[in-house]
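K.L.:
Okay, here's the structure, questions in a sec.
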Amino acid sequence: MGKRRRVAGRRKTRPAVLGAMIAVVVGGAGFGVYALYGGGAAADEGVSAEAGHQAVRTGPLTASEIRTASARFLTAWRQGRTAEAAAATDDPAAARRLLTGYTRDAHLKDVTLTAGKARGATVPFSVKATVAYRTLSEPLAYGSSLTVVRAKGDGKPLVGWHSSVVHPDLEDGDTLVTGASGTPPVTALDRDGGKLTAARFPSLGTVLDGLREKYGKKAGGRAGVELRVVRGKAARAAKLSDKTLVELSKGTPGTVRTTLDPALQAAAERQVDRQDRASTVALRPSTGEILAVANSGHGFNTAFQGSLAPGSTMKVITASLLIDKGLAEADKKHPCPKTFTYGGWKFHNDDDFEIKGGTLKASFARSCNTAFISQAKKLKDDDLTRQAQQFFGLSMDNWAIGVPTFDGSVPVQSAAQMAASLIGQGEVRMNPLNMASVAATVKAGTFHQPYLVSPSVDHRTLATASRRMSAKTLSQLREMMSYTAGYGTAAEAMSGLGPDYGAKTGSAEVDGQKKPNGWFTAYRGDLAAAGVVQAGGHGGDTAGPIVATLLRTGS
């Protein structure tokens, strides 16, 4: 049952060999999958069986298995045999729902799939199709990929299912829909009235999507007809916005003015493009206005929505806590041993350096971990959490900047994890927006919630901090950040930007990553900025030049 018999008389010609490649054309009515695959391993490699029992496939996937499994899926998809295509995956139910919607809801027809050379078990392929809705039609072209895996039961090669197989912008649970958009388009303007577009500023793609979702109806626009990604439950929980893929008829956009500065935005775009996986934010401490946001990867908005350990930039908050608690003062002696053990963990400084007879300011400027870890035994488990919330406005998930954000997380922890959080490790999570706000709070003397769209546009309420730092704590923080910018780990990046400045570097270790994430947060005059370069190494060397350039440009 269920097995197909070989049809008598079927041609048994082998595919033509082109050099070291094999060209395989998978045909059907009006269908062209043209695949180039490497290798020519026998189809029965990695198959074990006992007499009278069904074969169970084991071992690494062969080139033949990868070729056959991917071609089976792509052929069925193209020919509209949705159930068969779904059955060629390891999650038939989810695959069938999305593949059915590809035609029914997204109104895609005349699909052509062209597969490229497999890279291991991953097969890239390009898609060409037509979006046809009533009397409207537009071409669609994009690239995607699939990965062949072994089924858990019998080891059969199947396509590992994720929604991104159908389109790379899809998260699992998302759908593709063509029709009159529920959200009208918007024309986003910078603070000077210039038009903001993803073509002009590639980093703003996700920001513009968020602005449309938030203000499309409020700005008075009229929806057009388009193919769009409609986010599912998981993507919405991650604060991802719907995304337009093809516009079939233009709507009438409303207009939304932002706080972005075109010169700073252009500088931010240039800076992050020089690094892999870099993100940065610049804002005005006196008001909270966001002046620039950029990511070197133009997909996920790490600058606003990232959730990363901030490393030693967190010591700005921790230092304020120690001063408030009377456990340290900037110019008083403070321990910085090579190592310090707390909660069963042994914490180290970079290269196990120590500062004998030094002050908190010296430890802060050189980023001594043990100077902060050594105070853990004198703190309550929730002290750091309360400090971040009450004075810096973080970790309460209540910012309303105009687009989705992650507002930092400083959970209550105990023992070694609590100690690790003091130096921005453990479960503490931040992004450049959060850390730019930390520097801005020190500069302004109080927390101003960052915002991209003025609250006067929609009368929303901005978040506030419940407490303001004392003059004593604030002056010492500024003194330490200024000293770090002039003589500490931030000095090289901040050279020539003084004297009204302050900075803090950071390096955050990540499991399985050879180099730490490099962090940098700083202010100069009425401008604050922060940046991260993932897997970049020391923050002063990687994120530092990005931030310093923005501070110099905005002056």
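K.L.:
Only residues that are of a type in the set (F, W, Y), surrounded by 23 or more Cβ atoms within 10 Å (Cβ to Cβ) and part of a loop (DSSP other than H, G, I, E, B): list them for segment 385-420, please.
P.N.:
Within segment 385-420, just W399 meets the criteria.
K.L.:
Can you say whether T187 is of a type in the set (S, T, Y) and in contact (Cβ under 8 Å) with a residue 24 or more places away in the chain, as far as the supplied structure shows?
P.N.:
yes
K.L.:
Out of L291, L245, L322, I need the residue that is touching an Asp or Glu at 6+ places or on another chain (Cβ under 8 Å) and crowded, with 23+ Cβ neighbours inside 10 Å. Which one?
P.N.:
Answer to the selection: L291.
K.L.:
Moving to a separate point now. Those residues that are crowded, with 20+ Cβ neighbours inside 10 Å, under 19 Å from the mean Cα position of the chain (by Cα) and over 12 Å from A436 (Cα atoms), I need them from segment 517-555; list them, please.
P.N.:
N517, G518, V533, Q534, G536, G539, T542, A543, I546 - these are the residues of segment 517-555 that are crowded, with 20+ Cβ neighbours inside 10 Å, under 19 Å from the mean Cα position of the chain (by Cα) and over 12 Å from A436 (Cα atoms).
K.L.:
For the subset of segment 117-144 comprising residues that are aliphatic (A, V, I, L, M) and within 16 Å of A69 (Cα to Cα), which member is farthest from the chain's Cα centre (by Cα)? Even if it seems obvious, please write down each step before you answer.
P.N.:
To start, the set of residues in segment 117-144 that are aliphatic (A, V, I, L, M) comprises 118, 121, 123, 127, 129, 131-132, 136, 140-141.
Applying the additional criterion that residues be within 16 Å of A69 (Cα to Cα) yields 118, 121, 123.
Values: A118: 27, A121: 25, V123: 24 Å.
By that ranking, first place goes to A118.
K.L.:
Separate question: Restricting to segment 157-194, and then to whatever is modelled with pLDDT under 95 and surrounded by fewer than 16 Cβ atoms within 10 Å (Cβ to Cβ), can you tell me which residue is farthest from L248 (Cα to Cα)?
P.N.:
G182
K.L.:
Of all residues in segment 343-374, how many are closer than 25 Å to G518 by Cα and either out of contact with any strand residue (DSSP E or B) (no Cβ under 8 Å at 6 or more places or on another chain) or among the aromatic types (F, W, Y) (or both)?
P.N.:
9
K.L.:
For A76, state whether it is in contact with an Asp or Glu (Cβ under 7 Å, 6 or more places away or on another chain), assigned by TED's automatic domain parsing to the domain that holds S164 and in a helix (DSSP H, G or I). Outline the logic, then answer.
P.N.:
Numbers: in contact with an Asp or Glu (Cβ under 7 Å, 6 or more places away or on another chain): yes; assigned by TED's automatic domain parsing to the domain that holds S164: yes; in a helix (DSSP H, G or I): yes.
It is true that A76 is in contact with an Asp or Glu (Cβ under 7 Å, 6 or more places away or on another chain), assigned by TED's automatic domain parsing to the domain that holds S164 and in a helix (DSSP H, G or I).
The values are calculated or read from the model by the stated rules, or taken from the named source; none is laboratory data. Just so it is clear, the model here is predicted, and its values are computed rather than measured. FYI the Cβ positions are ideal-geometry reconstructions off the backbone, even for glycines, and counts take in every protein chain you see.
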